[in-house]
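Data block below; observations after.
The values are calculated or read from the model by the stated rules, or taken from the named source; none is laboratory data. Since we're looking at a predicted model, the values are computed, not measured. Cβ placement follows ideal geometry from the backbone for every residue including glycine, while neighbour counts extend to all protein chains displayed. Side chains are part of the model used for accessible areas, which takes the heavy atoms of the whole protein and leaves out ligands, DNA and RNA. Shrake-Rupley method; radii C 1.70, N 1.55, O 1.52, S 1.80 Å.
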Amino acid sequence: MPKLAYLGPQGTFCEAALRRLAPDAERLPAANVGAALHAARTGEADGAVVPLENSVEGAITQTLDELAWGGPLLITGELLLPVEFSLLVRPGTELPQIKRIISHPAAITQCRGYLEREMPDALVMAWPSTAGAAQEVAAPGSPYDAAISPAIAAEYYGLDEFASGIGDRSDTVTRFVRVSPPGPLPEPTGADRTSLVAFLRDDHPGALLEMLSEFSVRGVNLTRIESRPTGDGIGRYFFHFDCEGHVADARVGEAISGLRRLCADLRFLGSYPRADRVATQIRAGTADDDFTEAAGWLERIRNGQA
Ligand SMILES: O=C(O)C(=O)Cc1ccccc1
C-alpha cells in the first residue's frame, strides 16, 4: 500500500482528490504543498498529491514553481475535482462577529463576490489550506472567526456551516496531480498528457514562437501554457507546457527533442493518463508509423537507395 503525502490536514480538497486517485493509499497530511513534495522527494512518502490549477483562478503557482525548481519529481496521474466552498464558524457565531476570515488563497479569490457582498468589512487572510483554516478557527482562543473550507471539515473540526456554495461560480474544478520520485513512466493509453518546463537559452524575437513551432509542426496540441518569472528581474520568464500525448509517441518525443536543442534547460515533468480520458486526435502524417516511414525513407536516401 503506497504512502502518499498531501496538503493537509484531513478535510482539504486535496485529501478528497487523493482518496479518488489512490483509494487504497495510506495518507500522510503535510502542512503545505512544499512539505508534501518534500516528503515525496526524501522517501518519507512514496509520492504526493498536490493542487496544480483551478478552472477559475488558474495556476497554483507554488506547485508550479516547486515542480520547476525543486528536486526532480514526475507527474504520474491527474484528477479533476469539482470544488464547492462553505463558510465554517464556531457554533453560535452570528454575522456581526465574523471579522477575521482565513483560507487557502485559491479559495479566497474564488469567493470574492460573496465576501464583498455579505461581509465587506471583514479581514480576509491566507492560510496554507482550507481545512487547516477550519482547524485553526476551531482551536480554543483562535483570533479567527471563520474559514472558507469544504463542508466536510465542519464535521471533522466541530464547526457550523454558516453558508454553503459561496464560490463565485458553481462549476469550479481543480486539477490535482499525483507526483512520484523519478522512475518508470505510466504506460501510454492513447489519452495522455505530457508536462514540461522550458528555460530559454536567450531572449530574442520569436523565442516563444520557436518553442511553440516544435509542437505545431509535429501536430502536437498544447493544453496549457504558463509563463513564470525566473526571479532574475522584470521580463525574465520560463514556461510550463502541457501537451497532448505521451513521450513514447514519436511526435511528442521529437517535439521534446527539438525543444531540448532550443532551450538552455528543459525539465520533463512526466507523461500520464488524462483525467478526462479524451483520446488524442492524431493529425494526418503525425502517427508513429509516419515517423518510422519517413526515417526509413531518409535512411535509404542517405545510403543511395532512393
Ligand atoms: O486547501 C485545500 O483544500 C486544497 O486542496 C487547495 C485548494 C484550495 C482551493 C481550491 C482548490 C484547492
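Quick rundown of the values:
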| quantity | calculated |
| --- | --- |
| Share, in percent, of DSSP beta bridges within region 86-164 that are antiparallel, nearest 5 | 55 |
| Size of electric dipole in region 1-78: Cβ of Lys, Arg +1 and of Asp, Glu -1, about Cα centre, debye, nearest 20 | 160 |
| Anisotropy class of region 86-164 from Cα gyration tensor, a/c 1.5 cut | rounded |
| Value of D in µm² per second that Stokes-Einstein yields for region 164-306, Kirkwood Rh from Cα pairs, at 37 °C (0.692 mPa s) | 191 |
| Three-way shape label, region 18-177, alpha-carbon gyration tensor, a/c 1.5 | prolate |
| Carbon/sulfur fraction of accessible area - region 170-256, other protein chains in place, 1.4 Å, % | 54 |
| Positive minus negative residues near VAL49 (Lys, Arg vs Asp, Glu; Cβ under 15 Å) | -1 |
| Hydrodynamic radius by Kirkwood, which averages 1/r over all alpha carbon pairs of region 217-300, in angstrom | 14.7 |
| Charge dipole magnitude, Cβ of K and R +1, D and E -1 - region 185-306, Cα centre, debye nearest 20 | 140 |
| For the chain, alpha-carbon Rg and Dmax in angstrom | 22.5, 87 |
| Per residue solvent-accessible surface (Å²) - region 185-306, probe of 1.4 Å | 55 |
| Antiparallel bridge percentage (DSSP; both residues within the chain; nearest 5) | 75 |
| Modelled FRET efficiency - R0 22 Å, ASP232 with LEU208, Cβ distances, 0.05 increments | 0.80 |
| Highest-fluctuation residue, PRO182, PRO23, PRO140 considered, GNM on the chain with Cα pairs under 10 Å | PRO140 |
| Among ALA134, PHE238, ILE60 the positive-end extreme of the charge dipole of the chain (Cβ point charges) | PHE238 |
